[in-house]
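A short write-up of the structure that comes next.
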Amino acid sequence: MTDIAVNSLANARPPRSQWLDFWEQFRTHRGALFGMTFFLFVLLIVFVGPYLWTLDGQYIDIRARNQGPSLAHPFGTDQLGRDTLSRLMAGGQVSLAVGITAMALSLLLGTLIGVMAGYFKRLDGLLMRLTDLFLALPLLPLLLVIIMLFRDTLRTAFGPETGIFILMVFVIGITSWMQTARIVRGDVLAIKEREFVLASRSIGTPSRRMITRHILPNVLSPIMVSATLGIANAIITESALSFLGLGFPSDFPTWGRLLFDSTDYLQQYPERVLWPGLAISLTVLSVNYVGDGLRDALDPRIRGR
Amino acid sequence: MRLTKILLGAVAAMAMSSAAQAERGADGQVNIIYWQAPSTMNPYLSGGTKELEAASLVLEPLARYDQDGNMVPFLAEDVPTVANGGVSADLTTITWKLKEGLKWADGSAVTAADAVFTWKYCSHPEGGCAQSEKYNDVTGVEAVDDRTIKVTFGVSKPFPYGPFVGAQAPLIQAAQFANCLGAKAPECTDANFGPIGTGPFAVTDFRPNDVISLEANSNYRDPAKPAFAKVTFKGGGDAAAAGRSVLETGEFDYAWNLQLAPDVLANMQAAGKGTVVSSFGTLVERIMINMTNPDPALGDERATAKHAHPFLSDMAVRKALSMAVDRKLLVEIGYGDAGRPTCNVLPAPEIYKSSANDACLVQDIESAKKLLDDAGWVAGGDGVRAKDGKRLSILFQSSTNAVRQDFQALIKQWWSDIGVETELRNIDASVFFGGDPASPDTFQKFFADVEMYANNFDGTDPESYMANWECKQAPRPETQWQGNNMPRYCNADYDALVAEMAKTGDLNERARLAKAMNDKLMQEYIILPLVDRGRVSAHSNTLGGVVLNTWDSELWNAADWHRVKSQ
């Protein structure tokens, strides 16, 4: 700390913020930097790409089916003559949107419940039994029931695609927060007993401030890791649901659906499985690296080493 | 030059003589592969196709169906009808006459008593006979003399060809199965694994769920047949492996039921060792149109006859939907040689096939648009047609299956070309066809505007199939949502035709009625048939005489199979 103080005084630079420190540390993790660049690149292609490559991914041009890469279709076409590049971009929008939103929801729930259970002793038993209950629930039948009960209502309220999007995000979010909650609770239990917590409690820090200022920053690393895994998990759950016919309509492209649709043609047109497969795995990998870097950068004990 | 001619002549002469002097067992061995393995050779103890087909090499009925669904006499001299006096005028008895000099494979004579025994075997109260519906309503089977069999029914039977006809109801030997009646039937392992039959082959070794070895039946009624001395009938594996073993490697001569994508099969066939053959039965992929309103706001009265559909009850809309579909393209994409476009929900047998609806084979987007224009459906700003505030927006459901989803996507595009908006939904097949009244997603509940699936009927007689669209067959809450009339079609004229067919015995008259019913459904566009789906098998290029048959066992004419001599 003295170092920084001296530097800033000597060079008359503005005082260094915590976030700048964090960025300095993050920058040293090359994998994370590379992962982030790639993830931003994917986001750019998927969300800006359709404005440059204007073919409609749902338009069927039956005479152009099963084509290999060409100028008109750089990634070829599928069995109905739909342009694979457009479908990948459209599918990426849905998959990433579902993945990120569902991850955010499950993270919010998981962290909230984990911190509450770990910090407040009275809530612990109740919240952890609730977590056990959710863990014990057979996931697929639960999803079936939820979708069956609410599909028609949401469909009339928001239209088929938005309705299903809300349902999917909700369903994936509320069925995947349990692991996060358990990990967070464990960490909170350990940190709660540390001296610095005792110290700040002794000067009268209220629980709200204690959690946000002292506990949360210290449990950020497991949260970050489960967040990155969560995106991957959400993308995969969404594909599985689409495959069972419970997700988006079958002609609505998502990465998972593109992958499932292509498996039949694995022998003849292996590239069709390759593109969505690569997109899913590289995205998940890059997000994992980002998570890794974030964890290092956010952990004050590692920072500066 | 002359030498070549002489040689050619000699070869030709040899070829002719070999054809003329065909003798039993001259062509050695034939290898058959079924990717589902038979577990018994007794068709009365198994409902499975694989067992029926394996058994058909050994056991024979009085008459079989040929590839067109016509009956041909096998053990009987001819097929009894009302016209030739074989069937009584009140349609309650049928009298069959056995061919002369028939022998079982062990050399003993085939008599009418064997038929009487077969009926007793299958109708025994303690024995679970898998084919008992073939003997429905039979009150007695009587051996009038050694060669004459008289079957009596308790009710008037317009179609009396259940007992002893087809692969499901062959004759078994009374002497061999005498101690195997009722509960003891499954215990007679030797008899069940090696039944003595009248067919072209006899079992020498049976390994359940694996391999069956057979040899030519030395007492077969045609002394020149079968051409093969030995048959190896291998079971197990999967369709792709079976296809490969015939088409690509040539290890086997015949592979059954190859449910594979058309381009996969075409790739295999390109290896040049074998040929893919297909034959068509009654399986039709169709779109059902909901005549009732599936709006969830209607609660318990949803999709019931109380509320007509807001726009699909307009025939112009249904007709336009049909005209916009290119059935030929659907076949090309989804089924290849295993399908053909059809405009009839009753596509076969030949005598029941109507030709009145063939106009639907040609896609006509422009006329469909005009039809909708004339009916007052005008396109709005978003391109979707509407009239009186009702938009042509359709929810289209089907079961989860790659081909079906491709079909849905294509049809959606055609319909959007004529200004109809479509939302697709696919449902897991076990739920969709599950029939669970608690699930909203079954094909009976039909909580959608249109739905697509395939269906067919057993055997060759369409009476009960056509009765599916009777008014009272509509699934509704009072029937626990069971029933076969998915479109909830209700027409008194149609019901009258159904009632008339139930009491008509004459085959031609029955055909006229069935066609009339089919035409009624087609011309009111209640059902939009898409593809007539066939059965696909493959045989080696050196195996001759294969005639694929969907009405009976595929091995029905194994006696005529022979080796094609290479040039």
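Can you tell me how many residues in the range A:147-158 are surrounded by fewer than 18 Cβ atoms within 10 Å (Cβ to Cβ), over 14 Å from residue B:295 (Cα atoms) and more than 9 Å from every other protein chain (Cβ to nearest Cβ)?
Summing the residues that are surrounded by fewer than 18 Cβ atoms within 10 Å (Cβ to Cβ), over 14 Å from residue B:295 (Cα atoms) and more than 9 Å from every other protein chain (Cβ to nearest Cβ) in the range A:147-158 gives 3.
Would you confirm, using the coordinates I've provided, whether residue A:272 is crowded, with 20+ Cβ neighbours inside 10 Å, of a type outside the set (Val, Ile, Thr), more than 23 Å from the chain's Cα centre (by Cα) and more than 8 Å from every other protein chain (Cβ to nearest Cβ)?
Yes: the conditions hold for residue A:272.
Taking the condition under 27 Å from residue B:541 (Cα atoms) and of a type in the set (A, V, I, L, M), does residue B:239 pass? Working first, answer last.
Numbers: under 27 Å from residue B:541 (Cα atoms): yes; of a type in the set (A, V, I, L, M): yes.
So residue B:239 passes the test.
Does residue A:286 satisfy the criteria of being at the interface with chain B (Cβ under 9 Å from one of its Cβ atoms) and either touching a residue at least 60 places away in the same chain (Cβ under 8 Å) or part of a loop (DSSP other than H, G, I, E, B) (or both)?
Here the answer is no, as residue A:286 does not meet what is asked.
Pick out, from the range B:373-490, the helices (runs of 4 or more DSSP H) lying fully within it that include 2 or more residues that are away from chain A (no Cβ under 14 Å) and in contact (Cβ under 8 Å) with a residue 24 or more places away in the chain.
So the answer is B:463-466.
Out of curiosity, is residue A:240 among the small types (Gly, Ala, Ser), surrounded by fewer than 22 Cβ atoms within 10 Å (Cβ to Cβ) and within 29 Å of residue B:401 (Cβ to Cβ)?
yes
I want to confirm something. Restricting to the range B:245-261 and keeping residues that are modelled with pLDDT of 80 or more and surrounded by fewer than 22 Cβ atoms within 10 Å (Cβ to Cβ), which single residue is farthest from residue B:540 (Cα to Cα)? Quick ask: steps written out before the conclusion?
Of the range B:245-261, the ones modelled with pLDDT of 80 or more are B:245-258.
Now narrow it down to the ones that are surrounded by fewer than 22 Cβ atoms within 10 Å (Cβ to Cβ): B:248-251, B:257.
Numbers: B:248: 10, B:249: 10, B:250: 7, B:251: 9, B:257: 15 Å.
Checked the range B:245-261; the qualifying residue farthest from residue B:540 (Cα to Cα) is B:257.
Of all residues in the range B:260-306 being assigned to a helix (DSSP H, G or I) and in contact with an Asp or Glu (Cβ under 6 Å, 6 or more places away or on another chain), which is farthest from residue A:269 (Cα to Cα)?
Here the residue is B:296.
Has the range B:446-459 got at least one residue that is more than 30 Å from residue B:383 (Cα to Cα), assigned by TED's automatic domain parsing to the domain that holds residue B:318 and surrounded by 19 or more Cβ atoms within 10 Å (Cβ to Cβ)?
yes
Out of the residues in the range B:262-297 meeting the condition of being under 30 Å from residue B:391 (Cβ atoms), in contact (Cβ under 8 Å) with a residue 24 or more places away in the chain and within 14 Å of chain A (Cβ to nearest Cβ), tell me which one is surrounded by the most Cβ atoms within 10 Å (Cβ to Cβ).
B:294
Restricting attention to the range B:72-98, which residues are within 30 Å of residue B:279 (Cα to Cα) and out of contact with any Ser or Thr (no Cβ under 8 Å at 6 or more places or on another chain)?
B:72, B:73, B:74, B:76, B:77, B:78, B:79, B:81, listed by residue number.
Please specify each residue of the range A:199-250 satisfying the condition of being small (Gly, Ala, Ser) and more than 14 Å from chain B (Cβ to nearest Cβ).
Residues satisfying the conditions are A:199, A:200, A:202, A:204, A:207, A:221, A:226, A:227, A:230, A:232, A:234.
Being surrounded by 22 or more Cβ atoms within 10 Å (Cβ to Cβ) and not in a helix (DSSP H, G or I), is that true of even one residue in the range A:219-227?
Within the range A:219-227, none of the residues are surrounded by 22 or more Cβ atoms within 10 Å (Cβ to Cβ) and not in a helix (DSSP H, G or I).
Here's a check for you: in the range A:162-194, which residue that is among the small types (Gly, Ala, Ser) and part of a helix (DSSP H, G or I) is nearest to residue A:247 (Cα to Cα)?
Once the filter is applied, the top-ranked residue is A:163.
The values are calculated or read from the model by the stated rules, or taken from the named source; none is laboratory data. A quick note: this is a predicted structure, and the numbers were derived from the prediction, not measured. Positions of Cβ are generated from backbone atoms using ideal geometry, with glycine treated the same way; all protein chains shown enter the neighbour counts.
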